[in-house]
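One structure below.
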Amino acid sequence: MVEGKRTAFTHFGMMPAMVTSSLGSAEHERVWERGALRDLWRRLLAQTGFPAVAHAEPGEIASGERHTLRILIHMEAEIAVGGHLTVLLPQFWGGIAQERDNTTFFLRKSPQTYPGYISSQISATATGESRVEGTITCCGSVHTAIDLVILDRPLAPGGRVDLVIGDPIGLGALPIDFSGTYHFNVAIDQKGDGVYAPVLPHPKIVVTAGVARGYRVMAPGRSPEATKAPKAVLMDLVQNEVNEARPPTVEIQEKPGYRFAIARNAKNGLGGRSNPWVEGPWSGKNHVFFGEIHAHTELSDGIRTADEAYEFSRDSLGLDFAALSDHFEERLPSIVHPSTARWMMAMDAAERHQRPARFVTLLGYEWTGNPHINIYFRGSRGVCLPSDHDGCQTPRGLYDRLEKEGFPYLAIPHHPKFLSQADWEKAKGPAQRLVEIYSGWGSSETGNGGSVDIAWASGQKLGVIAGTDCHIGRPGQGNRTHEGGGLACVLSPALTREAIFDGLYARQCYGTTGARILLDFSVNGAPMGGECSPATPNELTMRAIGEAAIKEVEILFNGAPILKENPKNEYIEMKRSHAGRGYYGVRITQEDGHRAWSSPIWVGDGAPSF
């Protein structure tokens with residue numbers, strides 16, 4: 001398999017797909033749609049391995065560098081003419097929108113390339129008199145499947161198939177940027193009859209951190225923990241942690257009303273600056289806690305273990321709390337773990353990493369209906385009701401069942417204007433208290449019938465958070481280098497699971513595009529997410545500290561700006577008056593483009609509820 005003869009562009013559901021084949025006809029062509037591919041490997045979890053050995057070369061590569069990769073498959077049994085070898089590359093390796101330079105994979109001399117994308121060659125050969133041809137399916141930025149077929153002569157025992165990814169004399173392949181161990185799933189259909197067996201163990205490649213670029217300096221937005229020395233972690237361009245022998249010096253600097261820390265290392269010449277923090281509580285008795293509660297792992301359609309995900313959010317990003325929101329529908333299976341074990345594994349992992357006052361976990365999952373809704377529980381146990389469960393196909397059915405089960409829960413629709421656009425007439429319920437206003441998909445604040453402003457205008461009292469919807473097992477970091485990493489920011493008196501849950505449920509929270517902005521907002525004394533009676537006029541109070549200079553602060557009334565300030569510095573306080581009945585909010589934009597959105601405060605709907 002060297003030269004491409006046919007290239008086709010299509011869609012698998014929402015995802016653009018590109019199919020490149022070296023076969024002259026469709027007789028032996030196998031095009032792997034994402035769902036069918038995952039279902040194949042789900043079924044192979046319980047099967048005995050095929051008599052073959054596979055390994056990857058090189059065994060270790062550096063992040064951000066191009067390489068020629070080889071998967072060598074040594075046969076211990078014959079593969080018939082028409083037999084297939086199917087290789088699934090690790091998720092986010094390749095595809096149609098891979099990483100910084102948009103690499104996609106082709107065969108040499110393919111008739112067409114995807115407009116605006118760089119071609120990185122794949123080829124395959126077999127020993128003996130066998131010929132190997134095949135088909136490459138690139139589906140979105142999520143998966144690349146390589147299907148090889150044996151032609152002319154059977155591949156005898158002792159024979160070998162060499163799969164080369166990246167042109168050895170030209171443009172190499174750019175693997176995923178993020179460090180970790182990645183497995184290539186290999187399966188063999190010996191007779192060409194569709195009956196597959198896995199090649200075990202899976203060949204793997206370790207991606208190590210790239211060149212150090214600076215320090216991520218992390219200070220919690222609370223006290224007394226923040227009075228300790230902030231933590232500085234040496235990072236490469238994409239937040240892989242880089243080992244170092246000599247730690248930096250960390251200096252705490254004072255500004256009126258807040259502090260920040262500067263890390264410097266004279267040996268490597270690198271440095272970094274922390275997020276701001278304050279002495280004592282930030283708002284009343286409440287501190288600000290930063291977390292990420294929309295992330296996926298190998299428990300469903302993501303990568304990395306649940307343990308690795310929690311450890312990354314805690315140790316590499318210094319977050320205060322995190323939750324995993326894996327899918328549990330049968331159509332979105334794990335290719336690593338059997339379906340029957342996954343929910344128990346999720347509960348156990350959340351409990352393993354729960355450390356009150358240090359790092360808090362929430363138990364949750366994603367209901368993958370319309371719209372997508374994340375469910376979180378207040379305690380260490382809960383019931384998992386996916387959208388293919390009897391009676392749970394609609395938001396109303398889901399909420400009715402959850403109410404009957406009796407576990408205190410919180411429901412948060414996410415990316416409501418993207419993918420599965422929300423119908424706000426149907427997506428409502430007693431514990432649906434928040435909405436994800438921003439994620440790696442972009443901002444859902446405005447734009448179509450599923451956007452957040454439509455929910456507010458229809459009368460739904462939804463607070464806001466942000467998240468990433470990452471599928472790389474790194475809560476707080478986007479799937480690709482260029483993607484945003486939203487954060488949920490909670491005002492709470494303590495860092496415990498119950499206190500974080502209660503702060504979210506009370507809508508005393510806000511969302512950012514990843515910057516650890518400190519934000520406080522009240523109307524007539526009612527905090528973010530609260531309700532109050534109108535005054536004559538209403539008294540609006542806002543205070544914020546940015547990680548960078550604040551370019552613009554907007555006070556919103558019923559979704560539209562009524563007041564704007566351009567402070568051009570990191571700290572701002574505002575006190576304004578405004579007459580009206582409706583809902584107020586704040587939107588902040590930093591000079592570097594990062595944003596924050598407050599939860600609204602509703603004025604005029606009866607007695608205060610805060």
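The set of residues in segment 50-71 being more than 32 Å from the chain's Cα centre (by Cα) and open to solvent by less than 60 Å² (accessible area, probe 1.4 Å) consists of Phe50, Pro51, Ala52.
Here is a list: Tyr438, Tyr505. Which entry is open to solvent by 20 Å² or more (accessible area, probe 1.4 Å), touching a residue at least 40 places away in the same chain (Cβ under 8 Å), closer than 26 Å to Gly582 by Cα and under 16 Å from the mean Cα position of the chain (by Cα)? Show your work before the answer.
Numbers: Tyr505 fails: under 16 Å from the mean Cα position of the chain (by Cα).
So the residue among Tyr438, Tyr505 that is open to solvent by 20 Å² or more (accessible area, probe 1.4 Å), touching a residue at least 40 places away in the same chain (Cβ under 8 Å), closer than 26 Å to Gly582 by Cα and under 16 Å from the mean Cα position of the chain (by Cα) is Tyr438.
Take the conditions open to solvent by 10 Å² or more (accessible area, probe 1.4 Å) and assigned to a loop (DSSP other than H, G, I, E, B) and apply them to Ala494. Does it pass?
Numbers: open to solvent by 10 Å² or more (accessible area, probe 1.4 Å): yes; assigned to a loop (DSSP other than H, G, I, E, B): yes.
Yes.
Applying the set (1) within 21 Å of Thr361 (Cβ to Cβ); (2) open to solvent by 30 Å² or more (accessible area, probe 1.4 Å); (3) touching a strand residue (DSSP E or B) at 6+ places or on another chain (Cβ under 8 Å); (4) of a type in the set (Asp, Glu) to Glu298 leaves exactly one unmet item: (3). When segment 550-565 is filtered for residues that are open to solvent by 30 Å² or more (accessible area, probe 1.4 Å), within 22 Å of Ala455 (Cα to Cα) and not in a loop (DSSP other than H, G, I, E, B), the ones remaining, listed by number, are Phe557, Ala560, Pro561, Ile562.
Per the listing Val31, Val53, the residue uniquely closer than 24 Å to Leu72 by Cα and in a strand (DSSP E or B) is Val53.
Out of everything in segment 303-324 that is under 15 Å from the mean Cα position of the chain (by Cα), open to solvent by less than 10 Å² (accessible area, probe 1.4 Å) and of a type outside the set (A, V, I, L, M, F, W, C), what residue ends up being farthest from Met345 (Cα to Cα)? Filtering segment 303-324 for residues that are under 15 Å from the mean Cα position of the chain (by Cα), open to solvent by less than 10 Å² (accessible area, probe 1.4 Å) and of a type outside the set (A, V, I, L, M, F, W, C), the one farthest from Met345 (Cα to Cα) comes out as Ser313.
Restricting to segment 302-329, name every residue that is among the acidic types (Asp, Glu) and touching a helix residue (DSSP H, G or I) at 6+ places or on another chain (Cβ under 7 Å). Even if it seems obvious, please write down each step before you answer.
Of all residues in segment 302-329, those among the acidic types (Asp, Glu) come to 307-308, 311, 315, 320, 326, 329.
Asp307, Asp326, listed by residue number.
Pairs meeting the criteria (first residue in segment 312-335 and closer than 14 Å to Arg358 by Cβ, second residue open to solvent by 10 Å² or more (accessible area, probe 1.4 Å) and small (Gly, Ala, Ser), beta carbons under 9 Å, at least 6 apart or on different chains) are Ser313/Gly476; Leu319/Gly476; Ala322/Gly476. Residues of segment 1-29 being surrounded by 15 or more Cβ atoms within 10 Å (Cβ to Cβ), modelled with pLDDT under 75 and under 26 Å from Asp152 (Cα atoms), which ones? Correct list: Met1, Val2, Gly4, Lys5, Arg6, Thr7. Is it fair to say Ala515 is assigned to a loop (DSSP other than H, G, I, E, B), open to solvent by 10 Å² or more (accessible area, probe 1.4 Å) and either in contact with a strand residue (DSSP E or B) (Cβ under 9 Å, 6 or more places away or on another chain) or within 18 Å of Tyr438 (Cα to Cα) (or both)? Criteria not met by Ala515.
Only one entry of Gly585, Gly529, Gly580 meets the criterion of being of a type in the set (Gly, Ala, Ser), within 24 Å of Ile454 (Cβ to Cβ) and not in a loop (DSSP other than H, G, I, E, B), and that entry is Gly585. Of all residues in segment 385-408, exactly one satisfies the criterion of being surrounded by fewer than 19 Cβ atoms within 10 Å (Cβ to Cβ) and in contact with a helix residue (DSSP H, G or I) (Cβ under 6 Å, 6 or more places away or on another chain), namely Gly391. Look at (1) open to solvent by 30 Å² or more (accessible area, probe 1.4 Å); (2) within 23 Å of Trp456 (Cα to Cα); (3) not in a loop (DSSP other than H, G, I, E, B) and you find that Glu573 fails only one, number (2). Exactly one residue out of Glu547, Glu539 is on the phi < 0 side of the Ramachandran plot, surrounded by fewer than 22 Cβ atoms within 10 Å (Cβ to Cβ), in contact (Cβ under 8 Å) with a residue 24 or more places away in the chain and outside any strand (DSSP E or B), and it is Glu547.
If the requirement is being over 22 Å from Pro203 (Cβ atoms), modelled with pLDDT of 80 or more and touching a Leu at 6+ places or on another chain (Cβ under 8 Å), which of these qualifies: Val81, Val164? Before you say what the answer is, go through the steps one by one.
Values: Val164 fails: over 22 Å from Pro203 (Cβ atoms).
Only one candidate qualifies: Val81.
Which ones in segment 334-377 are open to solvent by 10 Å² or more (accessible area, probe 1.4 Å), touching a Phe, Trp or Tyr at 6+ places or on another chain (Cβ under 7 Å) and not in a helix (DSSP H, G or I)? If the condition is that a residue be open to solvent by 10 Å² or more (accessible area, probe 1.4 Å), touching a Phe, Trp or Tyr at 6+ places or on another chain (Cβ under 7 Å) and not in a helix (DSSP H, G or I), then Ile335, His353 are the ones that fit. Among (1) in a strand (DSSP E or B); (2) free of Cβ contacts under 8 Å to residues at least 40 places away in the same chain, where does Lys568 come up short? The one condition Lys568 does not meet is (1).
Taking segment 378-421 as the search range and keeping residues that are of a type in the set (Val, Ile, Thr) and assigned to a loop (DSSP other than H, G, I, E, B), which one is nearest to Phe501 (Cα to Cα)? Break it down stepwise before answering.
If we filter segment 378-421 for residues that are of a type in the set (Val, Ile, Thr), which is where we start, we get 383, 394, 412.
So of that shortlist, the ones also assigned to a loop (DSSP other than H, G, I, E, B) come out as 383, 394.
Numbers: Val383: 17, Thr394: 24 Å.
Residue satisfying both the conditions and the ranking: Val383.
Look at (1) at pLDDT below 95; (2) surrounded by fewer than 22 Cβ atoms within 10 Å (Cβ to Cβ); (3) over 22 Å from Ser380 (Cα atoms); (4) in contact with a Phe, Trp or Tyr (Cβ under 9 Å, 6 or more places away or on another chain) and you find that Lys461 fails only one, number (1). When segment 464-474 is filtered for residues that are modelled with pLDDT of 95 or more and either touching a His at 6+ places or on another chain (Cβ under 9 Å) or farther than 22 Å from Arg516 by Cα (or both), the ones remaining, listed by number, are Ile465, Ala466, Gly467.
The values are calculated or read from the model by the stated rules, or taken from the named source; none is laboratory data. Values in this document were obtained by computation on a predicted structure and should not be read as measured data. When we count neighbours, we look across all protein chains shown, and the Cβ atoms used for this are built from the backbone with ideal geometry, even at glycine. Calculation scope for accessible area: heavy atoms of the full protein, side chains included, ligands and nucleic acids excluded. Shrake-Rupley method; radii C 1.70, N 1.55, O 1.52, S 1.80 Å.
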